[in-house]
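Structure first, then comments.
Computed from the coordinates by the stated procedures, all read-outs in this text should not be read as laboratory data. Since the model is a prediction, treat every value here as computed from it, not as a measurement. So basically every Cβ, Gly included, is an ideal-geometry build from the backbone, and we count neighbours across all protein chains shown.
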Amino acid sequence: MIDDIKKDATGRMQKSVASFSQELTKVRTGRAHTSLLDHITVEYYGNPVPLKQVANVNVEDSRTLSVVPWEKDMVQPIEKAIMGSDLGLNPATAGTVIRVPLPPLTEERRKDMIRLVRQQAEGARVAIRNIRRDGLGDLKDLLKEKMIGEDDEHRAHDEVQTITDKNVADIDKILAEKESELMEI
């Protein structure tokens with residue numbers, strides 16, 4: 001039972017770390033990378049579809065992405081979806097190729113992005129602490145029902161705390177990497 005609680009907490013905490021890491025791919029740095037456009041959806045025959053299912057996204061150079069739709073009819077909807085996204089990008093169409101230049105980040109914009117990234121990190125830490133709280137609550141319930149002894153509960157409490165500390169440290173490491181990436185010019 002204790003192992004199940006620890007395994008559940010570990011799995012959920014790792015998912016929180018992975019989710020945080022995935023969220024950070026949407027925060028753009030000065031460099032172009034294809035995951036920047038992953039969350040954009042395009043209307044395709046009346047249905048919202050992820051961009052990468054209707055076009056090929058490539059890095060042309062360090063500050064430019066190229067989007068090549070698989071159908072000529074999709075150039076306009078893709079261009080409109082990129083413009084309408086929260087990224088503040090202005091695509092330029094050349095025939096069937098859509099080029100998306102990434103403007104250089106200003107110092108103020110970099111600081112705003114770091115503030116945003118720190119908020120996301122704190123949200124991930126809170127999620128991990130909530131998972132810890134759930135696990136510790138389950139342990140206390142087992143203790144009340146006399147299914148485990150106090151020593152086992154105490155030992156498991158320390159192990160859950162160790163798992164929590166490791167995952168919070170992972171988030172802090174990911175955050176530090178993203179902050180240094182954002183401050184690069």
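If only the Cβ of Lys and Arg carry +1 and only the Cβ of Asp and Glu carry -1, the dipole of the chain around its Cα centre is close to 520 debye.
The GluC sites (Glu not before Pro) of the stretch 56-154 that meet both conditions, a loop assignment by DSSP and at most 16 other Cβ atoms within 10 Å of the site Cβ, are GLU71, GLU145.
With neighbours defined as other Cβ atoms within 10 Å of a residue's Cβ, the residues VAL59, VAL160, VAL17, VAL67 order from fewest to most as VAL59, VAL17, VAL160, VAL67. Site pair GLU181 and GLU108 shows an inter-label distance of 2.6 nm when each label is modelled 7 Å from Cα along Cα→Cβ. Amide H contacts of ARG63 (H built 1.01 Å from N, in plane; Pro and chain starts excluded): ALA32 sit under 5 Å, all sequence-distant by 5 or more or on other chains.
Once the C-beta distance of LYS52 and THR162 is scaled by a Förster radius of 35 Å, the resulting FRET efficiency is 0.35 to the nearest 0.05.
Starting from one equal scatterer on each C-alpha and no solvent at all, send me the Debye-based log10 I(q)/I(0) for the stretch 34-101 at q = 0.19, 0.21, 0.22 Å⁻¹, two decimals. Each listed q corresponds, in turn, to -0.63, -0.79, -0.87.
Residues MET74, MET83, MET13 in ascending order of nearby Cβ atoms (within 10 Å, fewest first): MET83, MET74, MET13.
Give me the lysines in straight-line cross-link reach of LYS140: C-alpha distance below 28 Å, same-chain residues under 8 apart excluded. Partners found: LYS6, LYS7, LYS15, LYS166. Only aspartates and glutamates eight or more places from LYS173 in sequence, or on another chain, were considered; those with a Cα closer than 19 Å are GLU23, GLU122, ASP165, GLU181, GLU184. Going from the residue with the fewest nearby Cβ atoms within 10 Å to the one with the most, SER66, SER19 rank SER19, SER66. Straight Cα distances below 30 angstrom link LYS72 to the lysines LYS26, LYS52, LYS80, with same-chain residues fewer than 8 positions distant left out.
Placing +1 on each Lys and Arg Cβ and -1 on each Asp and Glu Cβ, with no other charges, gives the stretch 34-101 a dipole about its Cα centre of roughly 80 debye. Candidates ALA55, LEU89, ILE5 compared by Cα position along the dipole of the chain: farthest toward the positive end lies LEU89, with charges placed on Cβ. Take every pair of alpha-carbon atoms less than 8 Å apart whose residues are at least six positions apart; their mean separation over the length of the chain yields a relative contact order of 25 percent. Entry note, the stretch 94-185: relative contact order of 42 percent, from Cα contacts under 8 Å with a spacing of 6+ residues. Of the trypsin sites (Lys or Arg not before Pro) in the stretch 118-162, the ones in a loop by DSSP (not H, G, I, E or B) with at most 12 other beta carbons within 10 Å are LYS146.
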